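Below is one structure. I have some questions about it.
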Amino acid sequence: MPAAASRPADSLSHRIAHLIRAIPHGTVATYGQIAALAGNPRAARAVVWVLRRGDAHRPLPWHRVINARGSISLPRGDGFEVQRALLEDEGISVDSEGRVDLKQHLWTGS
DNA sequence: AGCATGACTAGGC
DNA sequence: AGCCTAGCCATGC
């Protein structure tokens, strides 16, 4: 079965989705961190794409991904509130500005 | 093939 | 410390 030059299973996007599902409950990861683990430290925007696209087949813990400054990147609004609620449900404190204590909750990647 | 979108980031001022 | 700019990646039209 040659052909199939870029099967989803081997694509960067798929690796990204896989990594996101690997983020442990109660911890968070940054876009850049996921990108780096997926092989491209500069593919943070690709991570965003995957998160926005979502996965119709399996649940994606999208709420565990935040930006490098340790805060929720969604614009203020419903999405923002939902993410904050989901994180707090996992025992992660999020202040009114959407900031999380990375020292305490950042996924070490292992 | 070119332009636009998106929840990003590092670096410069 | 905050704002702006330029890079980077995958997809959709």
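Just so it is clear, none of the values below were taken in a lab; they were calculated from the coordinates. No experiment lies behind these values; they were computed from the predicted model shown. Positions of Cβ are backbone-derived with ideal geometry, glycine not excepted, and every protein chain shown enters the neighbour counts.
Just name the residue that is nearest to the chain's Cα centre (by Cα) out of those in the stretch A:65-101 that are surrounded by fewer than 15 Cβ atoms within 10 Å (Cβ to Cβ) and at positive phi.
By that ranking, first place goes to A:Gly91.
Can you find, within the stretch A:58-69, the residue that is farthest from DNA strand B (Cβ to nearest atom) among those that are part of a loop (DSSP other than H, G, I, E, B) and within 12 Å of A:Ala17 (Cα to Cα)? Spell out the reasoning first.
In the first step, residues of the stretch A:58-69 are kept if they are part of a loop (DSSP other than H, G, I, E, B); the result is A:58-61, A:67-69.
Imposing the further condition that a residue be within 12 Å of A:Ala17 (Cα to Cα) reduces the set to A:58-61.
Values: A:Arg58: 14, A:Pro59: 12, A:Leu60: 8, A:Pro61: 9 Å.
Looking at the filtered set, the residue picked out is A:Arg58.
Pull out all pairs, ordered by first then second residue, where Cβ-Cβ is under 7 Å, the residues are six or more apart or on different chains, the first lies in the stretch A:37-63 and is in contact (Cβ under 8 Å) with a residue 12 or more places away in the chain and on the phi < 0 side of the Ramachandran plot, and the second is within 12 Å of DNA strand C (Cβ to nearest atom) and among the hydroxyl-bearing types (Ser, Thr, Tyr).
A:Ala44/A:Tyr31; A:Ala46/A:Ser13; A:Val47/A:Tyr31; A:Val48/A:Tyr31; A:Val50/A:Ser13
With (1) part of a helix (DSSP H, G or I); (2) within 12 Å of DNA strand C (Cβ to nearest atom); (3) in contact with a Gly (Cβ under 8 Å, 6 or more places away or on another chain) as the list, and A:Phe80 as the residue in question, which single condition is left unmet?
Tallying (1) part of a helix (DSSP H, G or I); (2) within 12 Å of DNA strand C (Cβ to nearest atom); (3) in contact with a Gly (Cβ under 8 Å, 6 or more places away or on another chain), A:Phe80 fails exactly one: (2).
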